[in-house]
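Okay, so here's the structure we're looking at.
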Amino acid sequence: MADTTWFRRHIISLADFTPAEYDTVLQTAASFREVLSRRTKKVPTLQGQVVTNLFFESSTRTRSSFELAAKRLSADILNFAPGTSSITKGETILDTAKTYLAMGTDMMVIRHREAGVPLAIAQEMDRLNTHVGVLNAGDGQHEHPSQALLDLFTICTLLDPNEPHLALLRGKKIAIVGDILHSRVARSNIWSLTASGAEVHLAGPPTLLPRWFAEFVSQNSARTSATGDRIPHSGHTESEPSPPLGQLFLHWSLPAALENADFVMTLRLQKERMTQHLLPSLREYHQQFGMTRDRLKLCQPHVKVLHPGPVNRGVEISSDLMDDPAFSLIAQQVTSGVAVRMALLYLMGSGRV
Ligand code: NCD
């Protein structure tokens, strides 16, 4: 196992993650990827510990991936399903969390449609003087740290399979395309990718990528405000001095974001937004922002496409591109997810914090 030092009890956001923390996660995940390639894909690391999955919102891959990760580490896993729980009888979320605490839970993995729920539970666990670690598995439109970390691991292992590390992304161009405004995946990825020194290009229709988003990012990143880093808008870059870390650019049309990109991250178009009149039609969205083979020609020849899933085939990405292993990293993302989540549970549960 990699020599790692970890001082974080909870993982709620990547906004203040340090480069050393990213590298620790990447190194640890690489060790677990090796474990997962063995015939016996299990280690006794978390034997006797209890991991509770508290998913108040639907999930296929994140919930299953945390469950498998906990099992591969030999932890006992409890899966909570809101529809068949006492939540339906009026129990509060905090009381549900405290019930699992009383059963001896060591780590809670929490997803909720409201931003801030994992943080509130983490604060309550600290207030009660427990050592329970809380991992945010997606809260509203806020953050999804384990998704961004598995995206990072997927990209870095492609660049260096033996030693994936953050600096491999320095100077790479990464486009994030789609419903940025409502995406917790985009928010977490913005922190990790800009921390790596990559150039991050956001692209989407103005209703899903408002101009104020750049200000939001600069105000909410501990790192960017500490270093005085700037976030230039597309087309206003020449007069900007080069900031020390990665830059963020905003685009309201796709070609400039894709030009010479090394990686393209597409985001699920949340169809529920249609009812809020934020988009004319799915067909028009696909015409303007959908990833297709033709559009890939604007990128580097070695470009790869990512998507956190679930995918609306033919909307954010064309169906044939999604299934083409020469370009699509979607299956690798799912595979990486188990190793990365093993790393996170291991680091949080290894008794150091
Ligand atoms: C994402 C999520 O739930 O935030 N999916 C995931 O965790 N794999 C993205 C989405 O639902 O669009």
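The values are calculated or read from the model by the stated rules, or taken from the named source; none is laboratory data. Since the model is a prediction, treat every value here as computed from it, not as a measurement. All Cβ positions, even for glycine, are placed from backbone atoms using ideal geometry, and neighbour counts span all protein chains on display. All accessible areas refer to the heavy atoms of the entire protein, side chains included, with ligands and DNA or RNA removed. Shrake-Rupley method; radii C 1.70, N 1.55, O 1.52, S 1.80 Å.
Brief remarks on what is shown
- Spatially proximal lysines relative to Lys42 (Cα-Cα < 26 Å; intrachain offsets below 8 disregarded): Lys71
- Taking amide hydrogens as placed 1.01 Å from N in the peptide plane, the amide H of Glu114 sits under 5 Å from those of Gly140, each at least 5 positions away in sequence or on another chain.
- Share of carbon and sulfur in the accessible area of the chain stands at 51%, probe radius 1.4 Å.
- For the range 1-71: rounded, prolate or oblate by the Cα gyration tensor [a/c cutoff 1.5]: oblate
- Tensor-based shape of the chain (alpha-carbon gyration tensor, a/c under 1.5 rounded, otherwise prolate or oblate): prolate
- Using only side-chain charges placed at the Cβ, +1 for Lys and Arg and -1 for Asp and Glu, the dipole size of the chain relative to its Cα centre rounds to 720 debye.
- For Leu78, distant residues with modelled amide H under 5 Å away: Val51, Thr52, Asn53
- Under 19 Å of direct C-alpha separation, and excluding same-chain neighbours fewer than eight residues apart, Lys173 reaches these lysines: Lys297, Lys304.
- Rolling a 1.4 angstrom probe over the protein heavy atoms with all chains in place gives the chain an accessible area of 42 Å² per residue.
- Given their separation in residues at 0.36 nm each and the Cα-Cα distance between them, Asp126 and Gln276 gain 50.1 nm when the chain is fully extended.
- Helical segments meeting 24 Å axial Cα length and Kyte-Doolittle 0.5 threshold in the chain (DSSP H): 330-349
- DSSP beta bridges in the chain [antiparallel fraction, %, rounded to 5]: 5
- Remark on His131: its backbone amide H falls under 5 Å from none of the residues 5 or more positions apart or on other chains, H modelled at 1.01 Å from N.
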